[in-house]
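Enquirer: Have a look at this one before I ask anything.
The values are calculated or read from the model by the stated rules, or taken from the named source; none is laboratory data. Since this is a predicted model, take the numbers as computed values, not measurements. With ideal geometry, Cβ positions are generated from the backbone for all residues, glycine too; neighbour counts draw on all protein chains shown. For the accessible areas, the whole protein counts, side chains as well, though only heavy atoms, and no ligand, DNA or RNA atoms are used. Shrake-Rupley method; radii C 1.70, N 1.55, O 1.52, S 1.80 Å.
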Amino acid sequence: RNRAVRTPIDDLVSNYMNLLGKKFQSRETYRAYKSDLESFFTGQKLLDRAQILQRTLKLSDYAPASRQRKIASLKGFLRWAYEEGHMAEDLSLSLAGGRAARRLPHFLSVDEAQVLWNHLKKNGEKKDRVIFLLMYGSGLRVSEVAGLETSRFNFRRGAVEVLGKGKKW
């Protein structure tokens with residue numbers, strides 16, 4: 001049976017991710033950071049400065065947003081490894097970071113919204129029309145509408161509490 005051999009760096013990544021598990025509210029961000037670090041250090045047994053800096057050059061192959069997330073996860077890990085005494089030098093200072101340009105969300109034009117509304121009035125179920133009105137009328141994200149709970153509706157006030165990004169009400 002083939003078993004993966006755990007190396008000291010695997011243990012460091014695991015320890016770091018255990019700490020981050022308490023910090024992150026988003027499971028998706030946690031999974032992305034874990035995947036970033038595991039793939040970055042694949043086959044590497046030690047925290048070697050030259051090897052780390054050489055591997056960071058390969059991050060330029062990724063889209064800007066992915067590259068920035070990978071750099072952010074790596075910088076956090078390297079800073080932690082230095083602070084915990086696993087490295088003699090803080091290599092996180094050697095990595096250029098910064099935010100990737102943000103893409104603006106795509107919105108329906110008034111004409112597109114009208115075409116969709118007319119279609120829903122003729123062919124859509126009532127729930128589809130309500131979902132459309134919630135999203136278009138209030139600017140809710142698809143994920144926010146998908147996460148709506150009936151207990152959060154206040155029909156007397158004509159209001160609904162929405163769980164947004166960052167798990168904020």
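Enquirer: Straight distance only, please: which lysines reach the Cα of Lys58 with their own Cα at less than 20 Å, same-chain residues fewer than 8 apart left out?
Expert: Straight-distance partners of Lys58: Lys34, Lys45, Lys70, Lys75.
Enquirer: When the helices in the chain are scored as -39500 (n - 2.57) per DSSP H run of 4 or longer and the sum is shared across all residues, what 222 nm value do you end up with, to the nearest 500 deg cm²/dmol? Could the numbers behind the result be given before it?
Expert: Values: 7 runs with 91 residues, N = 169.
After summing the helix terms and dividing by the residues of the chain, the value is -17000 deg cm²/dmol.
Enquirer: Only Lys, Arg, Asp and Glu count, each charged at its Cβ (+1, +1, -1, -1), so figure out the dipole size of the chain about its Cα centre, rounded to 20 debye. Show your work: numbers first, answer last.
Expert: Details: 32 positive and 18 negative charges, 98 e Å.
Once rounded to the nearest 20, the dipole reads 480 debye.
Enquirer: Of Trp80, Trp117, which has the most accessible area with a 1.4 Å probe, and how do the rest follow in descending order?
Expert: Working: Trp80 35, Trp117 55 Å².
Listed by decreasing accessible area, they come as Trp117, Trp80.
Enquirer: In whole angstrom, note down how far apart the Cα centers of region 13-27 and region 41-96 are.
Expert: The two parts, judged by their Cα centres, are 17 Å apart.
Enquirer: Report the net charge of residues surrounding Leu53, where surrounding means a beta-carbon distance below 15 angstrom and charges are Lys +1, Arg +1, Asp -1, Glu -1. Please list the in-between numbers first.
Expert: On the way: positive: Arg49, Arg55, Lys58, Lys70, Lys75; negative: Asp48, Glu89, Asp90.
So the environment of Leu53 carries a net charge of +2.
Enquirer: Here is a follow-up. When the chain is treated as a GNM, springs tying every alpha-carbon pair under 10 Å, which of Gln54, Gln114, Gln44 comes out with the largest mean-square fluctuation?
Expert: Gln114
Enquirer: Leaving ligands, DNA and RNA out of it, rank Arg67, Arg27 by accessible area with a 1.4 Å probe, largest first.
Expert: Working: Arg67 60, Arg27 175 Å².
Highest to lowest solvent-accessible surface, that is Arg27, Arg67.
Enquirer: Where only protein heavy atoms count, and the probe is 1.4 Å, what is the accessible area per residue for the chain in Å²? Please list the in-between numbers first.
Expert: Working: 12810 Å² over 169 residues.
For the chain, the per-residue accessible area is 76 Å².
Enquirer: Roughly how many Å² of Lys45 are accessible to a 1.4 Å probe, to the nearest 10?
Expert: Accessible area of Lys45: about 120 Å².
Enquirer: For the chain, which whole percent of the accessible surface, found with a 1.4 angstrom probe, sits on carbon and sulfur atoms? Could you put the intermediate results ahead of the total?
Expert: Numbers: 6650 of 12810 Å².
Ligands and nucleic acids excluded, carbon and sulfur give 52 percent.
Enquirer: Further question on the same structure: Once both axes come from the Cα atoms, what is the angle between helix 126-138 and the longest principal axis of the chain, in degrees from 0 to 90, rounded to 10?
Expert: 70 degrees
Enquirer: Now for a different question. Among Leu47, Ser151, Pro64, whose Cα sits farthest toward the positive end of the charge dipole of the chain (+1 at Cβ of Lys/Arg, -1 at Cβ of Asp/Glu, about the Cα centre)?
Expert: The Cα lying farthest towards the positive end belongs to Ser151.
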